[in-house]
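Chemist: Here it is: the structure, laid out below.
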Amino acid sequence: MVYMSTTTAVSWPYAKRSIRVARLDEALREQAATWRFLPVVKALMTLRGIEFLSGITIVAELGDLRRFPHPRDLMGYLGLVPGGTRAVVRASRARSRRPETAMHGAS
């Protein structure tokens, strides 16, 4: 019987997951290179708190973003409104009316 240290036993599954996530991320980036909505994803990445994977998820989940007349409206819809308790209260009240699988349910 081979004995592993506790550190190795815990870190090995984590390392495997990290490698898998990195491979999936790379595959997604390769596929997105020819996606017609890539310019929209890049534009979203200019907003605070949105990186590549978040941008792709937002475009895939929300579809046409022209319904948001100003970036501030999109940020509010996503619950990314910065500062102040009033903004937090508004965002938390609005959050209960829409699905949150993309932003809050992902692991």
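Bear in mind that the values in this text are calculations on the coordinates, not laboratory data. Quick caveat, the model's predicted, so the values are computed rather than measured. Positions of Cβ are generated from backbone atoms using ideal geometry, with glycine treated the same way; all protein chains shown enter the neighbour counts.
Chemist: Can you figure out the FRET efficiency of R29 with H70, using R₀ = 25 Å and their beta-carbon distance, to the nearest 0.05? Could you put the intermediate results ahead of the total?
Modeler: Working: r = 29 Å, r/R0 = 1.15.
Computed FRET efficiency for R29 and H70: 0.30.
Chemist: At 10 °C and 1.306 mPa s, grab the translational diffusion coefficient of the range 7-66 from Stokes-Einstein with a Kirkwood Rh over Cα pairs, rounded to a whole number in µm² per second.
Modeler: Numbers: Rh = 13.1 Å.
Result for D is 121 µm²/s.
Chemist: If you plug each phi of the range 12-25 into the Karplus form 6.51 cos²θ - 1.76 cosθ + 1.60 with θ = phi - 60°, what whole-Hz ³J(HN,Hα) values come out, in order, with x for Gly and Pro?
Modeler: Once θ is set to phi - 60°, the couplings for the range 12-25 become 4, x, 5, 5, 4, 5, 4, 5, 5, 4, 4, 5, 5, 4 Hz.
Chemist: Run the numbers on the range 7-84 and let me know its relative contact order in percent, using alpha-carbon pairs under 8 Å that are six or more apart.
Modeler: In percent, rounded to a whole number, it is 16.
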